[in-house]
1. If you fit an axis through the alpha-carbon atoms of helix 4-22 and take the longest principal axis of the Cα set of the chain, what angle between them do you get, 0 to 90°, nearest 10?
2. Let's test this: bin the Cα-Cα distances of the range 4-114 at 5 Å from zero up to the farthest pair and state each bin's percent.
3. How high is the relative contact order of the chain? Use alpha-carbon pairs under 8 Å, at least six apart in sequence, and give a whole percent.
4. Going by how many other Cβ atoms sit within 10 Å of their own, how do Ser81, Ser118, Ser48 line up, fewest first?
5. To the nearest 20 debye, what is the magnitude of the charge dipole of the range 4-114 about its Cα centre, counting +1 on the Cβ of each Lys and Arg and -1 on the Cβ of each Asp and Glu?
6. Provide the percentage of antiparallel DSSP beta bridges, counting only those with both residues in the chain; round to the nearest 5.
7. Can you put Tyr46, Tyr86 in order of Cβ neighbours within 10 angstrom, beginning with the fewest?
8. Please give the helix 73-89 orientation as an angle from the longest Cα principal axis of the chain, in degrees from 0 to 90, rounded to the nearest 10.
Amino acid sequence: MPTYQKRLGNWGENQAINYLKKSGYYIVDRHWQRREGEIDIVALDYSSETLVFFEVKTRQFYSYGSPAESISEHKKTALNSIIELYIQEYSFRGDYRLDIIMITINNKIRISHLYNVSLE
């Protein structure tokens, strides 16, 4: 049986997928995994013809910080490596970027979308 954190994360990713579809993105892949790590969601942004890699962070409580604060330097390095693997594996030649979807649950659900996050 999945842990509460895993269930919350899956729920958050489903919310992100719904948000992205309503925002005009085409979902290409979900939970793309390799030994080096995982990409939560890969989608095509038709408006800019850009492949977008999404990291989804869901938080119910701020006892461990905000969703954005949970992306450490180690996580950024891992994301950079796994994105490069994806690009190589599919021989992708177009534009791409990393976005972060932050979902917080208090009295209501709030979805924030950070565009073109730097991995530097």
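Each reported figure results from applying straightforward, stated rules to the coordinates on display, with no laboratory input. Keep in mind the model is a prediction, meaning the values are calculated, not measured. Using ideal geometry, Cβ is built from the backbone for each residue, glycine included, and neighbour counts are taken over all protein chains shown.
1. 60 degrees
2. 2, 11, 22, 25, 20, 13, 5, 2, 0
3. Working: 182 pairs, mean separation 27.6, N = 120.
Computed over the chain, the figure is 23 percent.
4. On the way: Ser81 14, Ser118 7, Ser48 11.
Ordered by Cβ neighbours within 10 Å, fewest first: Ser118, Ser48, Ser81.
5. Working: 15 positive and 14 negative charges, 107 e Å.
Using Cβ point charges on Lys, Arg, Asp and Glu, the range 4-114 gives about 520 debye.
6. Details: 19 of 28 bridges.
If I count the DSSP bridges inside the chain, around 70 percent turn out antiparallel.
7. Working: Tyr46 10, Tyr86 19.
Ascending Cβ contact count within 10 Å gives the list Tyr46, Tyr86.
8. In the chain, helix 73-89 runs at an angle near 40 degrees to the longest axis.
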